[in-house]
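Visitor: Have a look at this one.
The values are calculated or read from the model by the stated rules, or taken from the named source; none is laboratory data. Because the structure is a prediction, the values reported are computed rather than measured. In this analysis, Cβ positions are derived from the backbone assuming ideal geometry, glycine residues included, and neighbour counts consider all displayed protein chains. With ligands, DNA and RNA removed, areas are computed over all heavy atoms of the protein, side chains included. Shrake-Rupley method; radii C 1.70, N 1.55, O 1.52, S 1.80 Å.
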Amino acid sequence: MSSPPTPSFLYGTAWKEGRTAALVELALRTGFRAIDTANQRRHYFEAGVGDALSSAYEAGLVTRADLFLQTKFTYARGQDHRLPYDPAASFSTQVAQSLASSLDHLHCDYVDSFVLHGPASNYDWTEYDAEVWEAMRKQRANGRTRAIGVSNVSLSHLEQMVAAGTENPAFVQNRCYASLGWDREVRHFCRERGIVYQGFSLLTANVDVLHHALVRSLATSLNTTAPQIIFAFSRAIGILPLTGTSSAEHMKQDLASLDLSLPPEAISGIESLAG
Ligand SMILES: NC(=O)c1ccc[n+]([C@@H]2O[C@H](COP(=O)([O-])OP(=O)(O)OC[C@H]3O[C@@H](n4cnc5c(N)ncnc54)[C@H](OP(=O)(O)O)[C@@H]3O)[C@@H](O)[C@H]2O)c1
């Protein structure tokens, strides 16, 4: 199975509970074609995403082939009691059970990207992660995912993956803090290796930047909003952005930011604002 085309914007489905299906359907109607979810019932209602997909297919809005669907495997320590696998089984079995359950929730026979939600240790790439990664590669070989990725990783995790001779992920998904140069070290690692860097919490983790005079004056001069400036900026520095907006208006604005291009001095100015 070939690698999926890289989307331009991901619609995130965390924390939407009973509104998940309606919001995902609205996002698809607004023009999003890439959806991020996880088989982690604590924060995501993946079956609600599947309901939205069914409605969108029935309405003739999209077909499966139009979409980029991404889900995640989450270790038991990141879950509540609603586990999508047998916690007593091996990690390899847990990975297979989790993805089988995701495919069931999403009413499809493959996802475009399957992501390890976070390594077992905050510091090291452990033998547990190695087992999970191998199991994820097997799922890809069996055609249940087109690509595999990792989330919530540090540069050290990624370097340890390299040192262990591990295959590079296709995607890295991280919270992106302006105070850390917008995750500069990890972004650079990814860029050098052709790994697509996905950034989340671009607005919520960087409220000071959103209100900074530079961003506000750019928004005024370009007749746009500060969040749109941040999304346009993130793409300009190689970040594939996520938004989890629940607002119809913000969905439109977030997608419209794809047409916004910033002058080079604005990009370097925002990049060095806080880190
Ligand atoms: N891998 C992980 O561990 C992990 C962790 C967290 C999140 N994620 C993923 O990333 C997704 C996004 O999460 P997030 O933390 O980036 O965002 P989020 O929590 O969904 O919040 C986005 C915030 O930005 C606001 N917003 C969005 N567009 C706006 C606009 N144009 N103007 C003004 N406000 C705007 C939203 O408000 P409104 O709703 O009012 O627009 C909301 O308060 C999640 O749904 C999930 O899929 C992954």
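Visitor: Pull up segment 245-275, narrow it to residues that are open to solvent by 40 Å² or more (accessible area, probe 1.4 Å), within 15 Å of the ligand (Cβ to nearest atom) and in contact (Cβ under 8 Å) with a residue 40 or more places away in the chain, then point me to the one that is nearest to Cys190 (Cα to Cα).
Guide: Among those that are open to solvent by 40 Å² or more (accessible area, probe 1.4 Å), within 15 Å of the ligand (Cβ to nearest atom) and in contact (Cβ under 8 Å) with a residue 40 or more places away in the chain, it is Leu258.
Visitor: Take the residues of segment 171-220 that are open to solvent by 40 Å² or more (accessible area, probe 1.4 Å) and of a type in the set (Gly, Ala, Ser): which is farthest from the ligand (Cβ to nearest atom)?
Guide: Gly194
Visitor: Further question on the same structure: Search segment 235-244 for residues being in contact (Cβ under 8 Å) with a residue 40 or more places away in the chain and open to solvent by 50 Å² or more (accessible area, probe 1.4 Å), and hand back the single one that is farthest from the ligand (Cβ to nearest atom).
Guide: That would be Gly238.
Visitor: Next question, about the same structure. Taking the stated definitions as given, is Ile239 under 22 Å from Ile148 (Cα atoms) and not acidic (Asp, Glu)?
Guide: yes
Visitor: For segment 75-92, does any single residue satisfy the condition of being surrounded by fewer than 18 Cβ atoms within 10 Å (Cβ to Cβ) and hydroxyl-bearing (Ser, Thr, Tyr)?
Guide: yes
Visitor: Select from segment 114-158 the residues that are open to solvent by 30 Å² or more (accessible area, probe 1.4 Å), in contact with a strand residue (DSSP E or B) (Cβ under 9 Å, 6 or more places away or on another chain) and either part of a strand (DSSP E or B) or among the basic types (Lys, Arg) (or both) and list them in ascending order.
Guide: Within segment 114-158, Arg137, Arg140, Arg144, Arg146 meet the criteria.
Visitor: Just checking, which of Ala170, Ala178 is farther than 24 Å from Thr37 by Cβ and hydrophobic (A, V, I, L, M, F, W, C)?
Guide: Only one candidate passes the filter, namely Ala178.
Visitor: Of all residues in segment 236-261, how many are part of a helix (DSSP H, G or I), within 24 Å of Val49 (Cβ to Cβ) and touching a Leu at 6+ places or on another chain (Cβ under 9 Å)?
Guide: The total comes to 2.
Visitor: Out of all the residues in segment 36-48, which are touching a helix residue (DSSP H, G or I) at 6+ places or on another chain (Cβ under 6 Å) and either open to solvent by 20 Å² or more (accessible area, probe 1.4 Å) or farther than 23 Å from Asp86 by Cβ (or both)?
Guide: Of everything in segment 36-48, those that are touching a helix residue (DSSP H, G or I) at 6+ places or on another chain (Cβ under 6 Å) and either open to solvent by 20 Å² or more (accessible area, probe 1.4 Å) or farther than 23 Å from Asp86 by Cβ (or both) turn out to be Phe45, Ala47, Gly48.
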